[in-house]
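> Here it is, the structure in full.
The values are calculated or read from the model by the stated rules, or taken from the named source; none is laboratory data. This structure is a prediction, so every number in the text was calculated from the model and none was measured. Glycine gets a Cβ as well: all are built from the backbone with ideal geometry, and neighbour counts include every protein chain shown.
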Amino acid sequence: MTEEQFLVLAPTGRDAALTCRLLERADLQGRVCRSLEEACEVLDREGAAAIMVAQEALSTAGVACFTAWIARQETWSDLPVLLFMNVQNLAGARPLSLSTLAPLGNVTVLDRPLRAVTMQSAARSALRARRRQYAARAELDAQRAAVTQRDQFLAMLGHELRNPLAAIELATDRMEHAGGDHARYRDILRRQTGTLARLVDDLLDVARVTSGKISVAHAPIDLGELVARGIETQHATAAAQDLRLTYAPPPEPVIVRGDAIRIEQIVMNLVGNAMKYTPAGGTITITVERDREDALLRVRDTGVGIAPEMIDRIFELFAQVEGTLERARGGMGIGLTLVRRLVELHGGAVMVESAGLGEGSCFTVRLPLAVVEEVPASPEAAAAAPAAGKDVLVVEDNLESRELLVELLTDSGHHVASAEDGPTGIARALEHPPNVALIDIGLPGVDGYVVAREVRAALGERVVLIAMTGYGQPDDRRRAFEAGFDLHLTKPVDLRALRRVLGGP
Ligand code: ADP
């Protein structure tokens, strides 16, 4: 490796050959240069571990050239210079002092006559020092690459956030200025805030999932039913893009153990991608079936397909098909990374098949089936006990969220009380025990976990406690259940899920 070679400048060819031989005996590699100018060229072209130069080789022009090279080394580099001199004769020979050596950089003076072992051990030290510099260079390169990747990621993130924001801004403007029916603009707002929320969730999740800081519940779930519910909202989006979205639920329940919210995330990511990467007129077919001990979820599309060389890479973080039409479709290359990790957390596997570009893709998720006797008993079903017109308590410190939730729940026929902090929430719950309490976790002073514990302790099982969190803390779902919550909803709260829990319109 030329980066580990020693450049040797000796007074005579014989001296140079001797030095190279001694280096070789110490398992080091020498390379003879006839002048400092030549050494500079070799340094530029091939690099070197160090330079060994005899006093006689220090011609004025050579020193000027070499000093310039030393001055323009990269920051990680401090080329070791081993200078062979007759220190005793310094005065008689050339007026060399330590200060005149300074421009030559990292100089070690070796006094002649020199013993072989002294020269060899000095060379070895120089090589060790140089290797440390190479390691620093590698680290610097890695840091630079990370910075570039981060910058690209931020640029992409900005782009991804700007698109829905622009649509929201326009729709809001139209609502202010256009007369008549605003249903269309409301749909746009709902769709675009949904996109934003998913983006933020994915971002936060991918960090937690890849660092292993996430745990999933293991409740029995009917996969067929979950998919049906999940894609309910997607039909309108598909129709708007002139896509056919088909799903024929399996004839019997297909029960897996897992975390309904996470499995829905898997499904939505795959279906979202299928819609993103399928041009108008295409078809997306979703199926759920049993395959011996496993449940199989397939999302097949007739879209752009995946080139064979990309097939193995698309599940990697930030992997994207660069510079093609696909890039124009947006996305940040985190969805499939999340999908794979979430599937693995459920003890399953995900794979993709595509016959190539333009040939469509098929993603298959394999999850272990739950043992037969288990029946899905979703907390949602339990909570739905008394129908409409429930007593609901909302504990939320954000004024706008609180007011909107109260409005929405009141409109749905419930009797709603609210509190803006933990202690007030506890007091209200004890004064008028609600059927359901919706409690924000990040409350000032006393957090939502404490509120849940106290309310649960005082009122027992007759109240349904629902946590609302912003996905901030690792393991927040587990903590929520430990604190006595029955259900955990992430913000922005999925209003459909909330309506399902509470009953009513
Ligand atoms: P992105 O946000 O870019 O969609 P993903 O992690 O979800 O990130 O997907 C990574 C890449 O895999 C995408 O950029 C796309 O090139 C490819 N890909 C994912 N799903 C499909 C699909 N259904 N058809 C074709 N290519 C796909």
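> Please verify whether ILE51 is of a type in the set (A, V, I, L, M, F, W, C), surrounded by 14 or more Cβ atoms within 10 Å (Cβ to Cβ) and in contact with a Gly (Cβ under 6 Å, 6 or more places away or on another chain), treating the condition exactly as stated.
On the way: of a type in the set (A, V, I, L, M, F, W, C): yes; surrounded by 14 or more Cβ atoms within 10 Å (Cβ to Cβ): yes; in contact with a Gly (Cβ under 6 Å, 6 or more places away or on another chain): no.
No; evaluated as a whole, the condition is false for this residue.
> Please go through the range 333-347 and pick out each residue that is near the ligand (Cβ under 7 Å from one of its atoms) and either among the small types (Gly, Ala, Ser) or free of Cβ contacts under 8 Å to residues at least 60 places away in the same chain (or both).
Here is the first cut: in the range 333-347, the ones near the ligand (Cβ under 7 Å from one of its atoms) are 333-337.
Listed by number, the residues that qualify are GLY333, GLY335.
> Could you list, in sequence order, the residues of the range 410-431 that are closer than 17 Å to LEU489 by Cβ and within 36 Å of the chain's Cα centre (by Cα)?
Those that are closer than 17 Å to LEU489 by Cβ and within 36 Å of the chain's Cα centre (by Cα): none in the range 410-431.
> Also, quick follow-up: Would you check if PRO249 is within 15 Å of the ligand (Cβ to nearest atom), surrounded by fewer than 19 Cβ atoms within 10 Å (Cβ to Cβ) and without any contact (Cβ under 8 Å) to a residue 40 or more places away in the chain? Explain how you work it out, then say what you get.
Working: within 15 Å of the ligand (Cβ to nearest atom): no; surrounded by fewer than 19 Cβ atoms within 10 Å (Cβ to Cβ): yes; without any contact (Cβ under 8 Å) to a residue 40 or more places away in the chain: yes.
So PRO249 fails the test.
> Restrict the check to the range 262-270 and report whether at least one residue is without any contact (Cβ under 8 Å) to a residue 60 or more places away in the chain, within 16 Å of the ligand (Cβ to nearest atom), polar (S, T, N, Q) and over 23 Å from VAL371 (Cβ atoms).
Among the residues of the range 262-270, not one is without any contact (Cβ under 8 Å) to a residue 60 or more places away in the chain, within 16 Å of the ligand (Cβ to nearest atom), polar (S, T, N, Q) and over 23 Å from VAL371 (Cβ atoms), which makes the answer no.
> Just to be sure, is ASP242 over 28 Å from LEU489 (Cβ atoms) and either away from the ligand (no atom under 16 Å from the Cβ) or at pLDDT 90 or above (or both)?
Numbers: over 28 Å from LEU489 (Cβ atoms): yes; either away from the ligand (no atom under 16 Å from the Cβ) or at pLDDT 90 or above (or both): yes.
In short, yes.
> Name the one entry in ARG72, ARG137 that is basic (Lys, Arg) and out of contact with any Ser or Thr (no Cβ under 8 Å at 6 or more places or on another chain). Spell out how you get there, then give the answer.
Details: ARG137 fails: out of contact with any Ser or Thr (no Cβ under 8 Å at 6 or more places or on another chain).
One residue alone meets the criteria, ARG72.
> Please determine, by comparing only the residues of the range 36-48 that are in contact with a helix residue (DSSP H, G or I) (Cβ under 6 Å, 6 or more places away or on another chain) and surrounded by fewer than 18 Cβ atoms within 10 Å (Cβ to Cβ), which one is nearest to ARG14 (Cα to Cα).
The selected residue is GLU37.
Matching residues to (1) surrounded by 14 or more Cβ atoms within 10 Å (Cβ to Cβ); (2) farther than 19 Å from ASP27 by Cα; (3) at pLDDT 95 or above:
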residue	(1), (2), (3)
ALA71	no, yes, yes
PHE84	yes, yes, no
ALA93	no, yes, no
SER99	no, yes, no
ASP111	no, yes, no
ARG115	no, no, no
ALA122	yes, no, yes
ARG130	yes, no, yes
ALA136	yes, yes, yes
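> Out of all the residues in the range 350-359, is one or more assigned to a strand (DSSP E or B), surrounded by fewer than 14 Cβ atoms within 10 Å (Cβ to Cβ) and at pLDDT 95 or above? Let's see the steps before the verdict.
So in the range 350-359, the residues assigned to a strand (DSSP E or B) come out as 350-353.
So of that shortlist, the ones also surrounded by fewer than 14 Cβ atoms within 10 Å (Cβ to Cβ) come out as 351.
With the extra rule that they be at pLDDT 95 or above, the set shrinks to 351.
Checked the range 350-359: at least one residue is assigned to a strand (DSSP E or B), surrounded by fewer than 14 Cβ atoms within 10 Å (Cβ to Cβ) and at pLDDT 95 or above.
> Does any residue in the range 302-317 that is under 24 Å from GLY281 (Cβ atoms) come within less than 7 Å, Cβ to Cβ, of a residue that is of a type in the set (S, T, N, Q) and assigned to a loop (DSSP other than H, G, I, E, B) six or more places away or on a different chain, and which pairs are these?
THR302/THR278; GLY303/THR278; GLY305/SER354; ILE306/SER354
> For the range 185-194, does any single residue satisfy the condition of being over 28 Å from ILE286 (Cα atoms), over 29 Å from the mean Cα position of the chain (by Cα) and among the hydroxyl-bearing types (Ser, Thr, Tyr)? Spell out how you get there, then give the answer.
Just the residues of the range 185-194 that are over 28 Å from ILE286 (Cα atoms), to begin with: 185-186.
Then keep just the ones that are over 29 Å from the mean Cα position of the chain (by Cα); that gives 185-186.
Checking which are among the hydroxyl-bearing types (Ser, Thr, Tyr) leaves us with 185.
Yes - at least one qualifying residue is present in the range 185-194.
> Under 7 Å by Cβ, and 6 or more places apart or on different chains, what pairs join a residue from the range 151-171 that is assigned by TED's automatic domain parsing to the domain that holds THR193 with one that is surrounded by 14 or more Cβ atoms within 10 Å (Cβ to Cβ) and among the charged types (D, E, K, R)?
Cβ pairs passing all conditions: none.
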